[in-house]
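S.K.: First the structure, which I've put down as structure tokens, then a few questions once you've had a look.
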Amino acid sequence: MAKLSDIMVSRVRAKVLKILLANPNEMYYVRELTRKTKEEINAIRRELARLQEKGLVKSEQRGNRLYYQFRKVYPFFNELLGLVVKTTGLGKTIIKNRNKIGFLKYAFLNTRFIRNEKKKPGQVDLVLIGKIILPQIDLLIREYEKKHQIEVTYSCLEEEEFNYRLNRKDPFITNVLSQPRIMLLGDEISMTT
């Protein structure tokens with residue numbers, strides 16, 4: 001399975017980015033990142049300095065601690081977020097278990113869910129399109145919800161139903177596709193044409 005560390009020069013940088021992008025609204029101080037990554041403090045400081053120099057992270061002094069956060073205005077924020085989503089959390093669970101779930105043609109996560117932002121009315125966090133084994137996906141979602149203490153709203157559609165509803169401009173499908181998303185499986189362009 002592909003990992004973020006496969007394309008990163010530094011194992012420590014990959015771990016730091018994974019944490020910062022897994023919760024992009026959170027700020028972390030150095031010792032907190034040291035505990036979460038299980039890496040040496042000096043290695044964490046070095047990577048944070050490099051990331052800040054390149055404009056990926058910003059820092060903010062609070063009391064006697066310096067907090068770091070990924071800059072959402074960084075030009076490759078969404079691409080890096082997509083990489084992290086596919087290698088952590090629910091995205092990783094779906095990709096890793098795609099054969100158990102059935103035949104998935106498309107799968108995507110709502111960006112608001114990924115960023116831990118407040119849900120909008122009618123928001124669906126995860127959409128799966130294909131021939132899905134419903135008890136299996138339900139089991140995976142329940143395990144994820146229990147582990148992360150978060151509710152996940154999801155929708156499973158067969159490809160024929162999705163295409164039919166897409167062509168009819170079904171309000172549910174129109175709403176789901178109008179929201180920002182990150183594709184886990186499949187191609188976004190071929191999904192909507």
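S.K.: Karplus couplings for the stretch 114-131 from phi (6.51 cos²θ - 1.76 cosθ + 1.60, θ = phi - 60°), rounded to Hz, Gly and Pro as x?
M.R.: Coupling constants for the stretch 114-131: 4, 8, 6, 8, 4, 6, 8, x, x, 6, 10, 6, 9, 10, 10, 10, x, 9 Hz.
S.K.: So how tilted is helix 41-53 from the main axis of the chain? Cα-based, degrees 0 to 90, rounded to 10.
M.R.: 70
S.K.: In a Gaussian network model over the chain where Cα atoms closer than 10 Å are linked, find which of Ile132, Ile173, Ile44 has the largest mean-square fluctuation.
M.R.: Ile173
S.K.: Can you list the HN-Hα couplings for the stretch 171-180, worked out from phi with the Karplus curve (6.51, -1.76, 1.60; θ = phi - 60°), rounded to whole Hz and with x for Gly and Pro?
M.R.: x, 4, 5, 4, 5, 4, 6, 7, 8, x
S.K.: So what's the net charge close to Arg168: Lys and Arg +1, Asp and Glu -1, counting the other residues with Cβ under 13 Å from its Cβ? Working shown, then result.
M.R.: Details: positive: Arg165, Lys169; negative: Glu160, Glu161, Asp170.
Cβ neighbours under 13 Å give a net charge of -1.
S.K.: Which of the three applies to the stretch 88-192, rounded, prolate or oblate, going by the alpha-carbon gyration tensor with a ≥ b ≥ c and a/c under 1.5 meaning rounded?
M.R.: Values: a/c = 1.73, a/b = 1.20, b/c = 1.45.
Note, shape of the stretch 88-192 comes out oblate.
S.K.: Eigenvalues of the Cα gyration tensor times 5, then square-rooted: what semi-axes does that give for the stretch 4-70, in whole angstrom, largest first?
M.R.: Taking √(5λ) for each eigenvalue gives 18, 13, 11 Å, largest first.
S.K.: Taking H as built 1.01 Å from N, whose amide H comes closer than 5 Å to the amide H of Tyr29, not counting residues under 5 places away?
M.R.: Amide H neighbours of Tyr29: Tyr68.
S.K.: Moving on. Grab the Cα-Cα distance for Lys146 and Glu26, subtract it from 0.36 nm times how many residues apart they are, and report the gain in nm with one decimal.
M.R.: 41.1 nm
S.K.: Kirkwood hydrodynamic radius, computed over distinct alpha-carbon pairs, for the chain: how many Å, to one decimal?
M.R.: 18.1
S.K.: Can you tell me the orientation of helix 134-148 relative to the chain, as the angle in degrees between its alpha-carbon axis and the longest Cα principal axis, to the nearest 10?
M.R.: Helix 134-148 sits at roughly 20 degrees to that axis.
S.K.: Rounded to the nearest 500, what is the chain's calculated 222 nm mean residue ellipticity when only DSSP H runs of at least 4 contribute -39500 (n - 2.57) each, over all residues?
M.R.: Details: 11 runs with 97 residues, N = 193.
Theoretical 222 nm ellipticity from helices: -14000 deg cm²/dmol.
S.K.: On to the next question. Which residue, Lys105, Lys96, Lys38, tops the fluctuation ranking in a GNM of the chain built on C-alpha contacts under 10 Å?
M.R.: Among Lys105, Lys96, Lys38, the largest mean-square fluctuation in the Gaussian network model of the chain belongs to Lys38.
Any read-out appearing in this document is the output of simple, stated calculations on the displayed coordinates, not a laboratory observation. Note that this is a predicted model, so its numbers are computed, not measured. All Cβ positions, glycine included, derive from the backbone under ideal geometry; neighbour counts span all protein chains shown.
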